[in-house]
Amino acid sequence: MDMNSFSPMMPTSPLSMINQVKFEDEPDLKDLFITVDEPESHVTTIETFITYRIITKTSRGEFDSSDFEVRRRYQDFLWLKGKLEEAHPTLIIPPLPEKFIVRGMVERFNDDFIETRRKALQKFLNRIADHPTLTFNEDFKIFLTVQAWELSSHKKQGPGLLSKMGQTVRAVALSMRGVKSRPQQFMEMNDFIEIFSQKINLIDKISQRIYKEERDYFDEMREYGPIHILWSASEDDLADTLSGVASCIDTCCKATEKRMSGLSEALLPVVHEYVLYSEILMGVMKRRDQIQAELDSKVEALTYKKADADLLTEEIGKLEDKVECANNALKADWERWKQNMQNDIKSAFADMAEENIHYYEQCLATWESFLTSQTDLHSEETSEDKP
C-alpha cells in the first residue's frame, strides 16, 4: 500500500531537510527497554481498575539506576500523554487505546480485552522511547521510575483548576477565531490528514468485517467434522471416506483459527492504531493553528493600536519564535511519522498476505492429498473387480 498515491507533495525547505537528516541519521543504539506485563485487578468501594507492571531497563546516565519496576493504571498513561502534548504541542504523540467501560460489572474487563490493552500500552511507551525528542521528556522519566504515591504527588504539582479553565477558554477562543493564512505546506499536510483519515477508517471497518465473517465461517465449519464422524458410524461402506473428510475439515479448521489469530494480532491492531493516529494528527494541526492564531491576533492588535505598541511588539517577537519552533518541530516529526506509517502498514499487509498464501496452500494440499488417496482406492477396487 503506497500512501504517496494520495499524498500531495510538500515543498522541502532547507530547514526541514536539516531536521529530517537529524532524525534519520540518529545512531540505532537502543538504550531504553520497556515491558508492560502482569495486569492486576483492583476493587475498591468506589471503582474497579486494572494496573500493569512496567519494567524499565536502561543504560542512560540521567537515570539513577539501570532497572526500574513500577505499577501504573490507565489514568496514569492518560496523564503522561497530556503532559507530553503540553510540553510538545506540535509533535505527534503516539495514541493510547480507547477507554471502554462496561457498566454494572465488578470484573469490567475480560482476559482478551486486558491483553489487547496491555500490548497497546506497551507499544505506546516504546514509541515514546524510540522518539528522538519525547524519549528525553522529564515527565516520561518520572512515569517510568517513581512509585505510585510519588507519581500522585507529582500530578498535584501541575496548574490549578482555574488556570486550566483559563487555558481551555483561551484555546477555544483562538480555535473559533481561526488562522488568516495557513502556510501552503500545512494546507497540504491538512489535506493529507483528511484523506488519510477517511481511507484508514474505511480499511479499519473492512478489516473488522472480514474478521467477523471469518469468525462466522470458522464457527460453522468446525461443526461439520463431528457431523461426518457421526455419519461414518452409520455408513459402513463410506466410513473411511467420511472419516477422511472429517480429518480434512479439522485440519482446515486449525489453519483457519491460526489465520484469524494472525489477523487479530498483526493486522487489526496496526490499522486501528493509525485510525487513532489520524485523530492525533488533527489535534496537532489544531494546536499549531492556535499558536499561529495567537500571533495573528497580536499583529492585528498592533495594526489597529488596540494596546501598548512596545509591549505588543515584544509579545509578537516571542510569538513569532514560538510559531517558528512549532512549525519546525511538526515538519520534522511529520516526515518521521509518515515513514513509520508506511513501513508499519506495508509490513502488516505483507505479513497478512503471506499468512493467507500459506493458509490456502495448506488447505489445498490437505484436500488434494485426500482426493488422491480416494482416487487410488477407487482404482484398486476397480482392478480387483475385473475378472
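The values are calculated or read from the model by the stated rules, or taken from the named source; none is laboratory data. What you are looking at is a predicted structure, and each value in this text was computed from that prediction instead of being measured. All Cβ positions, even for glycine, are placed from backbone atoms using ideal geometry, and neighbour counts span all protein chains on display. All accessible areas refer to the heavy atoms of the entire protein, side chains included, with ligands and DNA or RNA removed. Shrake-Rupley method; radii C 1.70, N 1.55, O 1.52, S 1.80 Å.
I want to confirm something. Restricting to the range 202-227 and keeping residues that are farther than 14 Å from residue 259 by Cα and of a type in the set (A, V, I, L, M, F, W, C), which single residue is farthest from the chain's Cα centre (by Cα)?
So, considering only residues that are farther than 14 Å from residue 259 by Cα and of a type in the set (A, V, I, L, M, F, W, C), the one farthest from the chain's Cα centre (by Cα) is 227.
Quick one: in the range 177-194, of everything that is at pLDDT 95 or above and crowded, with 16+ Cβ neighbours inside 10 Å, which residue is nearest to residue 287 (Cα to Cα)?
Among those residues, the one meeting the criterion is 193.
If only one of 45, 58 is out of contact with any His (no Cβ under 8 Å at 6 or more places or on another chain) and open to solvent by less than 20 Å² (accessible area, probe 1.4 Å), which one is it?
Going through 45, 58 in turn, the sole match is 58.
Residue 45 versus (1) among the hydroxyl-bearing types (Ser, Thr, Tyr); (2) modelled with pLDDT of 65 or more; (3) over 18 Å from residue 130 (Cα atoms); (4) outside any loop (DSSP other than H, G, I, E, B): which is the lone unmet condition?
(4)
Which number in (1) in contact with a Lys or Arg (Cβ under 8 Å, 6 or more places away or on another chain); (2) modelled with pLDDT of 90 or more; (3) open to solvent by 90 Å² or more (accessible area, probe 1.4 Å) marks the one condition that residue 101 misses?
Result: residue 101 passes all but (2).
Has the range 212-224 got any residue that is at pLDDT 95 or above, surrounded by fewer than 17 Cβ atoms within 10 Å (Cβ to Cβ), in contact with a helix residue (DSSP H, G or I) (Cβ under 7 Å, 6 or more places away or on another chain) and not assigned by the TED database to the domain that holds residue 114?
no
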